[in-house]
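Visitor: First the structure, then my questions, so here it is.
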Amino acid sequence: NAGVTQTPKFQVLKTGQSMTLQCAQDMNHEYMSWYRQDPGMGLRLIHYSVGAGITDQGEVPNGYNVSRSTTEDFPLRLLSAAPSQTSVYFCASSASRDRATIYGYTFGSGTRLTVV
Amino acid sequence: GNSVTQMEGPVTLSEEAFLTINCTYTATGYPSLFWYVQYPGEGLQLLLKATKADDKGSNKGFEATYRKETTSFHLEKGSVQVSDSAVYFCALSDRGSSNTGKLIFGQGTTLQVKP
């Protein structure tokens, strides 16, 4: 089925460890983004990309890196995990940035990350 | 800046009851407005949207009308079912100068429907 695929679904890390959250979409969407969801705070934008080779920061980028080498993939890297990064992470995509603001996103099913 | 405020939950209803979840917003310009639904253990799914004032979005028996005069986008359903139990998020598109493609989300409202 077409959509946004995130892996893994669950992950436990120790403080200071690194890991990569994977995100892939098969809809040929140009725009991809990462959000984190925390209780009582809704979703907050971490990083976004408007196309292959182009990425930019959202409102909470510290501690996270991204790259976009292909249209399909948009991985999120945690270089040195901290307990404050315990959260649920969602990848989302849209055909373009403009269509994202008019029609919204397609979301992945999320990665629940716990940093101990 | 732009923001979304939702009524706090949880909202607990009996099956076949009428549902209203309030959402108000602050925005410059002409944002699109959205309701997303998150079922337990799943990602967010777009439930309905409205792209301009007085538009009514509808899907699966849910409705919401874009009211610019009251800056509101309240979600309603005439008769809820147990299967509607989920977290509902109101959101707006941020078409400000940052141009990130960002959606601004409310904090979410949990709906519990009892048989």
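Quick note: the coordinates plus some simple rules give every number you see, no bench work behind them. Predicted, not measured: the structure shown is a model, and the values here were computed from it. Using ideal geometry, Cβ is built from the backbone for each residue, glycine included, and neighbour counts are taken over all protein chains shown.
Visitor: Please verify whether B:Leu33 is touching a Cys at 6+ places or on another chain (Cβ under 9 Å), closer than 19 Å to A:Phe107 by Cα and within 11 Å of another protein chain (Cβ to nearest Cβ), treating the condition exactly as stated.
Guide: Working: touching a Cys at 6+ places or on another chain (Cβ under 9 Å): yes; closer than 19 Å to A:Phe107 by Cα: yes; within 11 Å of another protein chain (Cβ to nearest Cβ): yes.
Yes; evaluated as a whole, the condition is true for this residue.
Visitor: Next up: Taking A:Ser87, is it surrounded by 16 or more Cβ atoms within 10 Å (Cβ to Cβ) and in contact with a helix residue (DSSP H, G or I) (Cβ under 6 Å, 6 or more places away or on another chain)? Talk me through it step by step, then tell me what you get.
Guide: Values: surrounded by 16 or more Cβ atoms within 10 Å (Cβ to Cβ): yes; in contact with a helix residue (DSSP H, G or I) (Cβ under 6 Å, 6 or more places away or on another chain): no.
No: the conditions fail for A:Ser87.
Visitor: So, one more: Give A:Gly53, A:Gly63 a once-over and let me know the one that is surrounded by fewer than 18 Cβ atoms within 10 Å (Cβ to Cβ), touching a helix residue (DSSP H, G or I) at 6+ places or on another chain (Cβ under 9 Å), away from chain B (no Cβ under 14 Å) and free of Cβ contacts under 8 Å to residues at least 60 places away in the same chain.
Guide: After applying the criteria, what remains is A:Gly63.
Here's the yes/no breakdown for (1) aromatic (Phe, Trp, Tyr); (2) touching a residue at least 12 places away in the same chain (Cβ under 8 Å); (3) surrounded by fewer than 14 Cβ atoms within 10 Å (Cβ to Cβ):
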| site | (1), (2), (3) |
| --- | --- |
| B:Leu13 | no, yes, no |
| B:Phe18 | yes, yes, yes |
| B:Pro31 | no, yes, no |
| B:Gly57 | no, yes, no |
| B:Thr100 | no, no, no |
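Visitor: Follow-up. So, of the residues in segment A:66-91 that are closer than 16 Å to A:Ala24 by Cβ and in contact (Cβ under 8 Å) with a residue 60 or more places away in the chain, which turns out to be farthest from the other protein chains (Cβ to nearest Cβ)? Lay out the reasoning, then the answer.
Guide: Pass one, segment A:66-91, residues closer than 16 Å to A:Ala24 by Cβ: A:66-77, A:89-91.
Pick out the ones that are also in contact (Cβ under 8 Å) with a residue 60 or more places away in the chain and you get A:89-91.
Details: A:Tyr89: 10, A:Phe90: 6, A:Cys91: 9 Å.
The extreme case among them is A:Tyr89.
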